[in-house]
Amino acid sequence: MPTTIREVARRAGVGVATVSRVLNNSGFVSTQSRQSVLQAVSDLNYVPNPTARRLSLGKTFTIAVIVPFFTRPSFVERLRGIDSVLAESDYDMIVFNVETTQRRDKFFTEVPRRDRADGVIIVTLTPTDGQVAVFEESGVPVVLVDSDHPRLPSVREDSVLGGRLATQHLIDLGHRKIAYLSDVLDDVFKSAAASARRQTGYQQAMREAGLPLNEAYLKSGRHSREEARRCAAELLTLPDRPTAIFAASDTQAIGVMEAARDLGMRVPEDVSVVGYDDLDIADYLGLTTVRQSLFESGRRGAELLLHAIEQPHRNTRDAPVHELMPLELVVRQSCIRLSADDAPRMTHDPSHATN
């Protein structure tokens, strides 16, 4: 039979409450009593009952992570970052995968409860004011990763800046016919807001360079390599086709490269390609991309949540933390400089586009 906490107390010559305080590292216990309890635990090979511990402390020791389509590479990286922090804590991670609006709304309502989780991390999905009110009423700390809300702590990247970085790089290489390929901008599941902000950055860079915004060069579709391949094929067969394509993710940029190959075109000789995320495969493919801190954003989100759990009263007084993660343009082999004859006439200092 497994050893009980009462047997540990008898062996150590102390009360059950003292054993509990030692095991939970809570309350004052004399050095001698603590040593006696730890020795008894070792001698008896005692393993605390996790259920009993949760009940005694009024905690679940569970962190819920609500994330859409969690098998996608960028989400996997963020989950790895979250897990790297929780693995060093007392908390277990439970992932709630969202694939429909119904599941999103169900999880937003049912998961932030004291009997289900001690804290919640929401990745990419942005809650409404009403949903945030439900979170606040539950008393369960909630942190957003890759999205933001003024009343909740958040960690995200500046997608407008990222869109400018990618587009300005192509402009500096002499491209004037630059297309933008993204997710469907009203898709609530794959960072539609981020795709829209990246498009804003693209448009800002184009306007500041005095370049026309061609509606035919804007394509969007469901987030997948295959859909991006189809959209890119449409762009690359236009009568006046783009010489460069900026894709809102590396996954979509790979679809662009496949479409070019299907059409007998070469990257970058016939079309330059820029992605976004800097997944591991981007280096292998020589893909120029905007590196966002996927792993680090998950790690930082988990740290903010544990801080909120450990210091609940302080966090109710303080304004929510909103952190922007750094971005970096990683230049590889998927872009080429156009000849001087094809270069656009610049109407300003190009360096201003990324300020």
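The values are calculated or read from the model by the stated rules, or taken from the named source; none is laboratory data. Predicted, not measured: the structure shown is a model, and the values here were computed from it. We place every Cβ from the backbone using ideal geometry, glycine too, and count neighbours over all the protein chains shown.
Residue count for segment 10-40, restricted to those that are over 21 Å from Lys59 (Cβ atoms) and touching a residue at least 24 places away in the same chain (Cβ under 8 Å): 6.
Counted as qualifying within segment 78-175 are the strands (runs of 3 or more DSSP E) with 2 or more residues that are in contact with a Pro (Cβ under 8 Å, 6 or more places away or on another chain) and more than 11 Å from Gly301 (Cβ to Cβ), namely 92-98. Residues considered: Val14, Val19, Val47. Of these, the only one that is farther than 24 Å from Ala308 by Cα, surrounded by 12 or more Cβ atoms within 10 Å (Cβ to Cβ), out of contact with any Cys (no Cβ under 8 Å at 6 or more places or on another chain) and modelled with pLDDT under 90 is Val19. Residues in segment 138-154 that are closer than 17 Å to Ile309 by Cα and among the hydroxyl-bearing types (Ser, Thr, Tyr): Ser138, Ser154. Taking segment 204-228 as the range and being over 25 Å from Asp146 (Cβ atoms), not hydrophobic (A, V, I, L, M, F, W, C) and not in a loop (DSSP other than H, G, I, E, B) as the test, the residues that pass are Arg207, Glu208, Glu215, Tyr217. Just one of the listed residues (Leu181, Leu185) is surrounded by fewer than 21 Cβ atoms within 10 Å (Cβ to Cβ), in the same structural domain as Ala228 (by TED's automatic domain parsing) and not in a helix (DSSP H, G or I), and it is Leu185.
Restricting attention to segment 264-315, the residues being within 13 Å of the chain's Cα centre (by Cα) and among the polar types (S, T, N, Q) number 3.
Condition check for Thr124 on (1) crowded, with 18+ Cβ neighbours inside 10 Å; (2) at negative phi: one failure, at (2).
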